[in-house]
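All of the numbers you see were taken from the coordinates with simple rules; none came from a lab. For clarity, every value in this text was computed on a predicted model and none was experimentally measured. All Cβ positions, even for glycine, are placed from backbone atoms using ideal geometry, and neighbour counts span all protein chains on display.
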Amino acid sequence: MAEAASAGIVELDRVAASRVRSRAMVAQAYEAYHAELYNFLRRSTRDEAAAEDLLQETFVRLTHEVDASQPPEHMRGWLYRVATNLAISRGRRRSTVLRWIDRYGRLEASHSEESPEAGYLRNERISTLDAALATLPAEARTALQLSAEGFSGEEIAAAIGRSHGATRTLLSRARVKVRLELERQEQAR
Amino acid sequence: MTPHDEFLELAAAAIDFGLEPSEQAALDAHLAACTPCRRRVIALRHDARMVRDIPPFVLAPERAQTIWQRIDQPRRVSGPTLRLIAVAALLALLAVSAVGVGAALLRDREDLSEAVTPPPIAEATPAASPPATIAPSASPSQRLARPAGFAPDTIVEIVVPDLRVRTAPTVDNAISAKLEPLLGTGTRLEIIEGPVLADDYEWYLVQAIGWPHRGWVAAADHDGEPWIEDPASRGGGVPFSGVEESIAATLRGDVAGNCAPRTAGLPAGAVAGIECTLNTALVVRVGAYLFDSDEDATLAYLDRLSSSGVTLGSGECSAGRRGDRAWSSGAGLVSYAGAEWAHGRIGCFQDQYGAANVRATCGLTYVGILGRKDDLGALHAWAWQPVDQSGSGVPPGICQEPPAG
């Protein structure tokens with residue numbers, strides 16, 4: 001009896017220690033990456049509330065991985081991969097909704113999310129670039145943002161779940177589209 | 001799509017992917033012959049740099065903390081906690097009454113409906129009869145294997161403003177009732193038995209001297225900051241061991257001068273500890289605890305802060321924001337980059353009782369500083385600013401620079 005109870009106390013200590021360590025791991029990852037992930041998600045989704053929700057969901061998923069004793073080997077890449085999938089999934093769902101709204105003539109809803117963001121932009125050139133990025137589908141915008149965060153083409157392909165060739169086409173066409181949109185805006189002035 | 005458009009896409013692809021030699025050669029040849037295309041490719045690369053350089057959106061510190069609390073909250077009812085509950089149930093089957101999972105409500109003034117008021121004091125002696133609700137003494141199997149901090153018959157003193165006495169060694173209100181009133185600083189307690197480990201606290205069965213309270217008290221908070229002390233162990237009369245001297249050496253001089261060894265209530269994983277008393281209006285106590293590794297010390301630090309809702313960027317006294325300066329024993333004064341174990345970091349918070357708390361790491365040592373007043377900012381500044389700002393080489397913060405070599 002005494003041995004069993006002692007073992008129970010030891011188990012409590014072990015579990016408590018494990019819990020502390022896993023909490024500390026997630027907390028440290030949050031400390032290290034939440035700011036840049038928030039910026040990434042904000043740029044990808046163009047929506048403040050959505051960015052916060054997806055940031056939370058990203059770290060909740062990390063929590064589940066750590067609790068399951070499967071901590072990511074490469075934390076930053078893992079977090080961006082999860083955040084990317086969440087942002088693109090949301091973009092696809094939103095795209096479907098917007099098409100439905102467009103069909104029934106409530107177009108103003110598709111522009112309502114841009115105005116709060118404009119207040120954060122420093123100057124007109126950035127504002128113009130941001131407007132050009134806004135013309136891209138969520139997946140292309142997310143891929144460009146991953147590139148801006150320093151990920152290679154191969155890493156971006158892995159994050160968005162597309163082949164090397166498809167990702168290359170997606171990114172290059174997105175860059176060209178942004179360039180042409182900027183030129184169009186310059187000519188319109 | 002014109003040939004010019006195709007080459008523009010090729011140039012765009014080259015930003016993220018390597019081109020085949022044949023593709024690169026074709027692109028170079030086209031650009032050599034097409035001046036407008038060269039301009040566009042230059043602009044394309046400039047666009048890529050501009051996307052990188054767009055000022056980041058900044059998540060407000062309070063929002064970051066709110067999101068963290070949402071992330072962290074489910075963990076308190078998820079896997080590990082469920083395992084704790086399962087283990088607690090097992091122990092209950094083994095007739096152990098001391099296990100429960102709950103918040104530290106030891107000094108909670110609220111919820112008086114659950115409180116048990118002892119009978120009035122008949123005389124100023126510990127002769128009052130124990131209330132009927134007192135739990136049976138802990139079975140030997142519950143007692144800690146490691147040496148007890150306080151032996152039976154030791155007279156200890158309460159060193160916090162309010163200490164809760166309970167009828168069983170647990171914070172689980174379903175098992176353990178609260179005795180009223182709370183007992184204050186200086187109240188003497190006679191140790192009857194213990195310690196018993198439950199809810200991450202060390203509990204002792206005590207009889208309050210001059211009060212009718214007979215029940216269980218926790219000896220220290222989760223960091224090992226004591227709630228009861230043996231007066232005989234205080235002061236500088238107790239010699240330091242070598243390891244305790246090494247702890248004092250990690251603290252700056254004005255702190256390390258009046259310290260005593262600490263043997264009971266050390267934080268989990270600590271190998272030794274000291275406690276220092278300062279003659280200031282601001283600081284109540286400084287506890288410093290040595291760990292086997294700086295990672296363990298930092299884990300204790302991070303866990304203490306996160307358990308109090310303090311996260312990166314959560315405020316003026318946060319756990320350290322990107323760019324914050326910290327003293328590293330290896331690299332001196334450095335900026336915190338957010339990705340590595342940081343030494344000499346300082347975070348602060350107010351606990352649930354409004355007391356000012358500052359936490360720090362000095363290499364292998366984890367430091368807890370408890371403030372007498374609610375002035376958190378002043379306590380943080382006390383712990384953070386250098387003792388001597390005249391350039392004498394004293395590092396900033398509570399941590400003393402270890403001797404060279």
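Points 7 angstrom from Cα along the Cβ direction at B:Glu62 and A:His74: gap in nanometres?
3.9
What average count of beta carbons from other chains do you get within 10 Å of the Cβ of residues in B:241-253?
Counting other chains' Cβ atoms within 10 Å and averaging over B:241-253 gives 0.
Just subtract the alpha-carbon distance of B:Ile209 and B:Val243 from 0.36 nm times their residue separation and send over the number in nm, one decimal.
Here the segment from B:Ile209 to B:Val243 would lengthen by 8.7 nm.
For B:Ala32 and B:Glu157, compute 0.36 nm times the residue count separating them, minus their Cα-Cα distance, and round to one decimal in nm.
In short, 36.3 nm is gained.
Need one value for B:58-70: mean number of C-beta atoms belonging to other chains within 10 Å of its residues' C-beta atoms.
Whole-number average of other-chain Cβ neighbours for B:58-70 is 4.
Give, in nm to one decimal, the length gained when the segment between B:Ser307 and B:Asp53 is fully stretched (0.36 nm per residue of separation minus the Cα-Cα distance).
Working: separation 254, 0.36 × 254 = 91.44 nm, distance 3.60 nm.
Extending this stretch completely gives an extra 87.8 nm.
Got a sec? Which residues in region A:125-144 would a label at A:Gln187 touch, if it sits 7 Å along Cα→Cβ and we count backbone N under 17 Å?
Within reach of a label on A:Gln187: A:132.
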